[in-house]
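So the structure is just underneath, and the comments pick up after that.
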Amino acid sequence: MPATRLRYGVLGFACALSMITYLDRACMASSAKAFVHDLGLTSVGDLNWVFAAFTLAYALFEIPSGWLGDVIGPRKVLVRIVLWWSAFTALTGLVGMRLGGSVLGAFQVGSLAVTPLAVLIVVRFLFGAGEAGAYPNITRALHNWFPLGERGFAQGAVWMCGRLMGGLTPLVWMVLVEGIGRPLAGQVAEAAADPLVPPLLHWRSTFWLFGAIGIVWCILFALRFRNRPEQNRKVNQAELDLIRAGRVESTSAHPRVPWSRLLASGNLWLLCLMYACQSYGWAFYMTYLPSFLESHYEVEATSTLGAIYKGGPLWMGALGCLAGGLATDWLVRRTGNRRLGRRLFAVLGHALTVVCFLLCPLMPSAFWFFLAVSLSGFFTDLSMGPAWAVCQDIGRRHAAIVAGAMNMIGALGGALANWATGFLIQRSLAAHAAWLGVPAKDLSAAQTAAGELPGYHLNFLIFAGVFVVGAICWLLIDSTRPVVPEE
């Protein structure tokens, strides 16, 4: 009897969840200008702590969430965290909202005046705490359900779907919130302000809609998913044998974690450092990229082609995730050398990302910048399938914890990038304002863009530098050396 294919249904749930995570993350970058306006901020650089709060919380709760998935199984953990983050996605849309004469998020605590910006930082921190653990628990589910030779493909597919949704989010946001306008920037202001197709929702309502999508996923997932294939009566013995072929480790849950062995693993630390470097450069795509294109290449908010430009690194990253996942599995099968199979395409991807970031400051138009930054996204994500497959290779029955550790350190790199990128933009703008002898908040849009530009260019050079470090780490990572040898 041929093997059933229930594992691909599990992959479908994982891919759908990956898409929802990116939808809820990327919409914050699309709404950045709206928050700057409604909260009375000077520039998008003032949101650096908002962006950093999400990634910091995401980092801090990665290992606890991964550990919990290893102990009680990914089903319960994923339902809980998706419900949590969906609630805070919806709450994000309330911050700074005016009801009557009052502003939500502005209140007094004794002598301390709490601003809507401070409340937004807290809400996004709690949102990040909710999203933490999604990918480690997806990794645990795939570890339980997929054979060794399909791990890279499964992880690559999950990340491809996430990146694809991240790339689609500016387009979805434009249709829902901005309306559909003319193809590119440079039109007269009246045309840009009067889209050809009017918007469907207020930007705040869009956060509520996105929160509801997560709740629907939870209901379907809880009804259909089981932690292990043995628990699903529709999985036949042939598929069970296929999934278990070549395994040497147990898939059972376990409360005891050898923390000392994990902390002493140089292999794991290299993997984590590599992912921090990768996340540092990648964070720009999810935070400041849309504002950069609007301010410095005059891409209109209602431009369809502009929305594609804003999602370029994620569109191309989706292809990179799939290509990297397929390539690593192919090379492992072809050579039998798992160390080389996980390493080769990842090193190549990081090296080419360095080149792309060095080219970004030199691009003369929106199209050429889109091309350079999109290729950087593709080459970056060639390593996603290999990186998460390595978590399974070296983590084995501790796969979720190892994945959580990698993602935690990676998220700390992203948090640092989100803060530092905005800080450098702020410093550049402040220096320009001082040179003009004008307060930063009184600068015109053109003056603000000119003041921010050196800060952006410096950031591109820093991104290139951290990817050099990431490539070196990949040369040293050994996917054949488990963190904890099986007892």
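The values are calculated or read from the model by the stated rules, or taken from the named source; none is laboratory data. Since this is a predicted model, take the numbers as computed values, not measurements. Glycine gets a Cβ as well: all are built from the backbone with ideal geometry, and neighbour counts include every protein chain shown.
Results, tabulated for the structure shown:
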item: Unmet criterion (only one of (1) loosely packed, with under 15 Cβ neighbours inside 10 Å; (2) modelled with pLDDT under 90) for Glu239; result: (1)
item: Some residue of segment 430-439 being touching a residue at least 12 places away in the same chain (Cβ under 8 Å) and either among the β-branched types (Val, Ile, Thr) or touching a Ser or Thr at 6+ places or on another chain (Cβ under 7 Å) (or both); result: no
item: Leu47 being buried (at least 24 other Cβ atoms within 10 Å of the Cβ), among the aliphatic types (A, V, I, L, M) and either under 14 Å from the mean Cα position of the chain (by Cα) or within 21 Å of Glu452 (Cβ to Cβ) (or both); result: yes
item: Residue count for segment 266-295, restricted to those that are over 20 Å from Leu171 (Cβ atoms), out of contact with any Lys or Arg (no Cβ under 6 Å at 6 or more places or on another chain) and among the polar types (S, T, N, Q); result: 2
item: Only listed residue being more than 19 Å from the chain's Cα centre (by Cα), under 22 Å from Gly451 (Cβ atoms) and not hydroxyl-bearing (Ser, Thr, Tyr), chosen from Ala52, Ala34; result: Ala34
item: Total residues in segment 253-281, condition modelled with pLDDT under 90 and either of a type in the set (A, V, I, L, M, F, W, C) or in contact with a strand residue (DSSP E or B) (Cβ under 8 Å, 6 or more places away or on another chain) (or both); result: 6
item: Residue in segment 27-40 that is within 22 Å of Ala222 (Cβ to Cβ) and of a type in the set (Val, Ile, Thr) present; result: no
item: Failed item, numbered, when Ala405 is tested on (1) over 18 Å from Val468 (Cβ atoms); (2) without any contact (Cβ under 8 Å) to a residue 40 or more places away in the chain; result: (2)
